[in-house]
Amino acid sequence: METDALHLLCVDDEDEIRELLSRYFDRQGFRVSTARNGAELREAIARGPVDLVLLDLGLPGEDGLALTRHLREHWHGAIIIVTGRGDSVDRVVGLELGADDYVTKPFDLRELLARVRSVLRRSTAAAPASAPAANVRTRLGFAGFTLDLAARSLHAPDGNPVTLTSGEFDLLCAFVERPNRVLSRDVLMNSLHGREAGPFDRAIDMQIGRLRRKIESAPEQPELIKSVRGAGYLFVPPVEPLS
């Protein structure tokens, strides 16, 4: 296995699931580690860089939702929840807590692979091989914020960094690239996840809610990302290149 292979951590208390995912993603060229519970997950994260966590919800002790919250507070990699819980409430809560995607069991391995690749394309977009050319403006300003595309960073008007997940950063980029245009949920879902939004899929809505809480002064009455009833979302502030 190449040392620069992307590192997946599969967290599931079922031996069969861990072995299945480990074998399959190893054959696809990934480096794969496994964990059975929250303690082993934390140990794996502490040992070295992990690019994406495949996280079951029904874990013994600390469940997957609590672990999703913990990861989002202390770690900035990608998370895909892979679980037997198909309840829409769990899906909404998982996405609200910061998961990048949500897959229910039983799953198709090829679909899961596509979801993993889609999330990783976003989270690794800042790699040197895909960084913008030196003569391309990579710093953009809006409403006092500074967005650095190359560094994948956002700074507030007061200069303090704003911590964004990979999904939140890419969502913001999708808006910044198309200011003052109404973007439908399907357009945003295709831009971020490479698929259209289903009738009950609230992934985009959850990410927009999280992004608003980080960039809006009053998230309940947003001024930067406006909802357009029946059409989608509109990014209102002017965007300008910075030196």
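For the reader, a short list of remarks on this structure follows.
- Verdict on Glu96 being modelled with pLDDT under 90, of a type in the set (D, E, K, R) and surrounded by fewer than 16 Cβ atoms within 10 Å (Cβ to Cβ): no
- Hey, Asp26 surrounded by fewer than 16 Cβ atoms within 10 Å (Cβ to Cβ) and on the phi < 0 side of the Ramachandran plot or not: yes
- Any chance Leu41 is under 25 Å from Phe169 (Cα atoms), in contact with a Leu (Cβ under 9 Å, 6 or more places away or on another chain) and buried (at least 17 other Cβ atoms within 10 Å of the Cβ): yes
- In segment 50-93, of all residues being among the β-branched types (Val, Ile, Thr) and more than 17 Å from Ser33 (Cβ to Cβ), the one that is surrounded by the most Cβ atoms within 10 Å (Cβ to Cβ) corresponds to Ile81.
The values are calculated or read from the model by the stated rules, or taken from the named source; none is laboratory data. Quick caveat: nothing in here was measured; it's all calculated off a predicted structure. With ideal geometry, Cβ positions are generated from the backbone for all residues, glycine too; neighbour counts draw on all protein chains shown.
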